[in-house]
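In what follows, a single structure is set out as structure tokens and then discussed.
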Amino acid sequence: FQTCPGRVLCKVPCSGEKEVDLAVQSAKAAFKIWSQMSGMERCRVMLEAARIIREQRDEIATMETINNGKSIFEARVDIDISWQCLEYYAGLAGSLAGEHIQLPGGSFGYTRREPLGVCVGIGAWNYPFQIACWKSGPALACGNAMVFKPSPFTPISVVRLAEIFTEAGVPKGLFNVVQGGAATGQLLCQHPDVAKISFTGSVPTGMKIMEMAAKGIKPVTLELGGKSPLIIFSDADLENAVKGALMANFLTQGEVCCNGTRVFVERKILDTFTKEVVKRTQKIKIGDPLLEDTRMGALINQPHLNRVQGFIKQAKEQGAEVLCGGDLYVPDDPKLKNGYYMRPCVLGNCKDDMTCVKEEIFGPVMAILPFDTEEEAVERANATKFGLAGGVFTRDIQKAHRVVAALKAGMCFINNYNVSPVELPFGGYKSSGFGRENGRAAIEYYSQLKTVCVEMGDVESVF
């Protein structure tokens, strides 16, 4: 592997109706075996998969960097989160259980937690390997099979995950990968033998998937877009708040759905905070993502780079001020000259009604907005169709909890940002979707409850 931005890395065949059906039927056959295994048996296989990923961390991270363009530093973190996810759900696999309910006259009832069947996972291109683990971890722990479709922009690393599951000992076909775009996704969603769909991506695509799933009455998990608020109060630790703002905006070249891209700053520290953020942003090392000191790689492709640049152009036309960045970046290394690089951008003089403040840019663009009161900040933070995440920086812990309780968002951060431990549920409110990845909550979305009522005496009949 070499980093060759702007060049074709590989070609993969697009899965059509025949390939999708083969993948689903293969998964269906494997499900019959896997679902009958005990939780502890599934646990051991998943722990072995986690061990292989952990041992091959650097190799997989390198593959992911070339697959996506993010820095190797970040890719290693993604791979660590991936094996931790499989370990976590391996631990839960053996503990999945229903409950026993005592009824009158010695009768009783009980519930069984059962798998759904063949689940479909449709991933995004910003965290290809990690998202595949987030979806497959709870699915497999509950006894399901999965057919996974990665983004056509990042097709490579998920294939390695499928190989790892096979090496670990899952039944053949339990985790299948199909490649393709919207047409392939549609075939998966409409397949009669698919029991559930989990999608990570844009709101418009999520709406289409929900519509297709409705026709088959299939449950869906949707992890969609965001335009999340980050509220910086004047009593915050300034150094920590600046670092938090950078983490909330510039990870993976800003291509993160839960990024806190609307940075509300209490007016009395606006100038100081802005000056420090701009200074730190200008120091971010851009370039070859495989170099250890690189902190920002290339955006995913030319159309997306053009889109992000278009948002910045429109922001200037609407009165925003580019405080730094926003322009294209050409690395010194000639082999990187065709890469989709841009300098991270900080926008000042922003207003709530500007397009750059209302719409998800999905690039390294931070919008700074002043506020005067807590009530104002909360009201403006919630004035969006999205509700994926939100953050608060303050030394006043009562205020911190009060504000996050008022935020209409599924994932909130206090004095940190973009921390996603696998033990905690992740998902949004409003147009940001529903259902949850990670944590025990995900088990609810990959299993179903069966109630059994047992009569120990004669049937009481009204006839």
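Only helices enter this figure: runs of n ≥ 4 DSSP H residues, each worth -39500 (n - 2.57), summed and divided by the residues of the chain, yield -12500 deg cm²/dmol at 222 nm to the nearest 500. As a calculated quantity, the FRET efficiency between Leu9 and Lys208 at R0 = 35 Å, using C-beta atoms, amounts to about 0.80. Computed with the Debye formula from one identical point scatterer per Cα of the range 317-380, without solvent, the log10 of I(q)/I(0) at q = 0.18 Å⁻¹ comes to -0.74. Basic side chains Lys and Arg get +1 at the Cβ, acidic Asp and Glu get -1 at the Cβ, and with that the dipole of the chain about its Cα centre reaches some 740 debye.
Multiplying the residue separation of Leu449 and Gln314 by 0.36 nm and removing their Cα-Cα distance gives an extension gain of 43.6 nm.
Computed from the Cβ-Cβ distance with R0 of 56 Å, the FRET efficiency linking Gln302 to Glu99 stands at 0.55. Counting heavy atoms of the protein chains alone, Phe386 has an accessible area of about 10 Å² for a 1.4 Å probe. Here the Karplus curve 6.51 cos²θ - 1.76 cosθ + 1.60, taken at θ = phi - 60°, turns the phi angles of the range 274-281 into couplings of 4, 4, 6, 4, 4, 4, 5, 5 Hz, with x standing for Gly and Pro.
Among the listed pairs Lys283/Lys408; Lys28/Lys450; Lys11/Lys32; Lys135/Lys335, which are separated by more than 31 Å between their Cα atoms? Long pairs (Cα-Cα over 31 Å): Lys283/Lys408; Lys11/Lys32; Lys135/Lys335.
Applied to the range 176-182, the Karplus parametrisation 6.51 cos²θ - 1.76 cosθ + 1.60 on θ = phi - 60° returns per-residue 3J(HN,Hα) values of 9, 10, 10, 10, x, x, 4 Hz, with x for Gly and Pro. When restricted to Cα atoms, the range 18-107 yields an Rg and a Dmax of 19.1, 66 Å, respectively.
When nucleic acids and ligands are ignored and a 1.4 Å probe is applied, His304 ends up with an accessible area of around 20 Å². What angle do you read, to the nearest 10 degrees and between 0 and 90, between the alpha-carbon axis of helix 72-93 and the longest principal axis of the chain? Taking the Cα atoms of the chain, the angle to 72-93 is about 20 degrees.
Legend: residue pairs Lys275/Lys399; Lys196/Lys430; Lys149/Lys316, Cα-Cα distance threshold 28 Å; pairs beyond threshold, Lys149/Lys316.
Compared with the alpha-carbon gap, the fully stretched path from Ser234 to Asp271 is longer by 12.2 nm at 0.36 nm per residue.
For Glu239, the accessible area of its heavy atoms, probed at 1.4 Å with every protein chain present, is near 90 square angstrom. The portion of the accessible surface of the chain made up by carbon and sulfur, rounded to a whole percent, is 54 (1.4 Å probe; DNA, RNA and ligands excluded).
Rounded to the nearest Hz, the phi-derived 3J(HN,Hα) couplings of the range 54-60 under the Karplus curve 6.51 cos²θ - 1.76 cosθ + 1.60 (θ = phi - 60°) are 5, 5, 9, 3, 5, 5, 5, where x marks glycine and proline.
The residues Met247, Met37, sorted by heavy-atom accessible surface at 1.4 Å with ligands and nucleic acids left out, run Met247, Met37 from largest to smallest. Taking every C-alpha pair closer than 8 Å and separated by at least 6 residues, the mean separation divided by the residue count of the chain gives a relative contact order of 19 percent. With Cα atoms as the point set, the radius of gyration and Dmax of the range 229-414 evaluate to 16.2, 53 Å. Over the range 86-167, the pair-distance histogram of Cα-Cα distances with 5 Å bins from zero comes to 3, 13, 20, 19, 14, 9, 7, 5, 4, 3, 2, 1, 0 percent, rounded to whole numbers. With the convex hull drawn around the C-alpha atoms of the chain, the volume per residue stands at 169 Å³. Sorting Leu238, Leu449, Leu407, Leu116 by accessible area puts them as Leu449, Leu238, Leu116, Leu407; the probe is 1.4 Å, largest comes first, and only protein heavy atoms count. A Förster distance of 45 Å, applied to the separation of the beta-carbon atoms of Asp352 and Tyr110, puts the FRET efficiency at 0.25.
Taken as Cα centroids, the range 55-124 and the range 139-177 sit 12 Å apart, rounded to the nearest whole angstrom.
The values are calculated or read from the model by the stated rules, or taken from the named source; none is laboratory data. Keep in mind it's a predicted model, so treat the numbers as computed, not measured. Positions of Cβ are backbone-derived with ideal geometry, glycine not excepted, and every protein chain shown enters the neighbour counts. Side chains are part of the model used for accessible areas, which takes the heavy atoms of the whole protein and leaves out ligands, DNA and RNA. Shrake-Rupley method; radii C 1.70, N 1.55, O 1.52, S 1.80 Å.
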